[in-house]
Amino acid sequence: METQQRVVQRNRLFSSLIWALVAVSATLLVFAIVQKNLPGSAGHWPWKLQLLDIPTATTATLGTVGAAIARAQYARSVQPVLSSGGLVAEGLAPNGALVWKCTIGNAGAAAVVVVEASYWVELTPSAGAAAPAPRRRWLTHDEVVALLVSLGLSEHDDFSVTLVTPGAAYGAESTHQVAWFTESAMGVLADLFFRIRVSDRAGDVHERTLPLMKNPVRDLRRPSRT
């Protein structure tokens with residue numbers, strides 16, 4: 001499964017519009033240069049049109065290109081750096097059992113806002129045979145909880161999946177818990193992926209699929225050292 005972060009949508013106002021202005025100003029500059037240097041063009045269509053002179057068109061082109069570069073630099077400086085992690089933790093399950101704690105982080109220099117979140121569940125062979133129906137698709141939070149409960153697990157006793165809603169904010173250089181699973185739940189889950197889309201301060205939408213069960217400790221004996 002693809003896990004690289006990617007931009008799925010640019011801010012139309014501050015990206016597409018700027019590049020459209022670059023194209024227009026460059027076209028006007030080319031027109032002005034051709035009009036100036038084409039012999040006998042003054043009386044022929046469309047060269048007889050008076051739009052911009054060469055100095056003005058050059059200034060417009062340089063200005064819009066500069067704005068496009070500045071926007072790209074700003075977008076790069078505020079883009080998120082999304083990642084996931086996991087560790088054996090204690091004190092989360094009510095019965096005192098150790099759990100595998102799943103976290104996601106934003107190592108970027110600016111806060112982001114959640115646009116969408118979904119989950120992909122891979123069950124162990126024995127649990128998959130007992131599942132009520134094939135689930136080969138991205139699931140919502142409630143669907144994940146319902147699936148695990150249908151397999152005999154108890155929410156908040158055997159597992160917990162944090163509800164991540166659109167509009168939630170992740171600060172710069174922050175880490176957040178998204179789920180935890182006891183050893184019983186780990187026997188049901190073969191793999192779990194968390195797909196999240198976030199919007200940064202530049203208005204661009206980024207997406208990344210994060211593996212929550214990458215190299216998990218399934219034999220929970222002692223808490224991880226942090």
If a residue has to be in contact (Cβ under 8 Å) with a residue 12 or more places away in the chain, under 29 Å from the mean Cα position of the chain (by Cα) and open to solvent by 50 Å² or more (accessible area, probe 1.4 Å) to count, how many in the stretch 9-50 make the cut? 6
Hey, among the residues in the stretch 170-189 that are open to solvent by less than 40 Å² (accessible area, probe 1.4 Å), in a strand (DSSP E or B) and more than 24 Å from residue 76 (Cα to Cα), which one's modelled with the lowest pLDDT? 189
Within the stretch 201-212, residues among the acidic types (Asp, Glu) and open to solvent by less than 10 Å² (accessible area, probe 1.4 Å) come out as 204
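Which of the residues belonging to the stretch 61-92 are assigned to a helix (DSSP H, G or I) and either in contact with a strand residue (DSSP E or B) (Cβ under 7 Å, 6 or more places away or on another chain) or among the aliphatic types (A, V, I, L, M) (or both)? Break it down stepwise before answering.
Of the residues in the stretch 61-92, the ones assigned to a helix (DSSP H, G or I) are 61-78.
Passing the criteria: 62, 65, 67, 68, 69, 70, 72, 75, 78.
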Read through the list (1) over 19 Å from the mean Cα position of the chain (by Cα); (2) within 25 Å of residue 198 (Cβ to Cβ), then give the number of the only condition that residue 102 fails. (1)
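Select from the stretch 197-226 the residues that are hydrophobic (A, V, I, L, M, F, W, C), touching a Phe, Trp or Tyr at 6+ places or on another chain (Cβ under 9 Å) and part of a strand (DSSP E or B) and list them in ascending order. Before the answer, list the steps.
If we filter the stretch 197-226 for residues that are hydrophobic (A, V, I, L, M, F, W, C), which is where we start, we get 198, 202, 205, 210, 212-213, 217, 220.
From what is left, the residues that are touching a Phe, Trp or Tyr at 6+ places or on another chain (Cβ under 9 Å) are 198, 202, 210, 212-213, 217, 220.
Residues satisfying the conditions are 198, 210.
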Those residues of the stretch 143-164 which are open to solvent by 60 Å² or more (accessible area, probe 1.4 Å) and in a loop (DSSP other than H, G, I, E, B), in sequence order: 152, 156, 157, 163
Condition (residue is under 25 Å from residue 166 (Cβ atoms), assigned to a helix (DSSP H, G or I) and open to solvent by 30 Å² or more (accessible area, probe 1.4 Å)) applied to the stretch 105-117: is it met by at least one residue? no
List pairs: first in the stretch 213-226 and open to solvent by 60 Å² or more (accessible area, probe 1.4 Å), second small (Gly, Ala, Ser), Cβ under 9 Å, 6+ apart or cross-chain? 214/84; 214/85; 214/86; 215/86; 217/86; 217/224; 218/187; 226/89
Just the residues that are in contact (Cβ under 8 Å) with a residue 40 or more places away in the chain, open to solvent by 40 Å² or more (accessible area, probe 1.4 Å) and among the aliphatic types (A, V, I, L, M), please, taken from the stretch 55-86. 65, 67, 81
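For the stretch 1-56, which residues satisfy the criterion of being in a helix (DSSP H, G or I) and in contact with an Asp or Glu (Cβ under 7 Å, 6 or more places away or on another chain)?
Matches in the stretch 1-56: 32 only.
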Quick check on the stretch 93-102. Is at least one of its residues modelled with pLDDT of 95 or more, assigned to a strand (DSSP E or B) and under 21 Å from residue 206 (Cβ atoms)? yes
So which residues in the stretch 45-80 are under 15 Å from residue 32 (Cβ atoms) and among the aliphatic types (A, V, I, L, M)? 49, 51, 52, 54, 57, 60, 62
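The values are calculated or read from the model by the stated rules, or taken from the named source; none is laboratory data. Model, not experiment: these values are computed from the prediction. When we count neighbours, we look across all protein chains shown, and the Cβ atoms used for this are built from the backbone with ideal geometry, even at glycine. Just the protein is used for accessible areas: all its heavy atoms, side chains included, with ligands, DNA and RNA removed. Shrake-Rupley method; radii C 1.70, N 1.55, O 1.52, S 1.80 Å.
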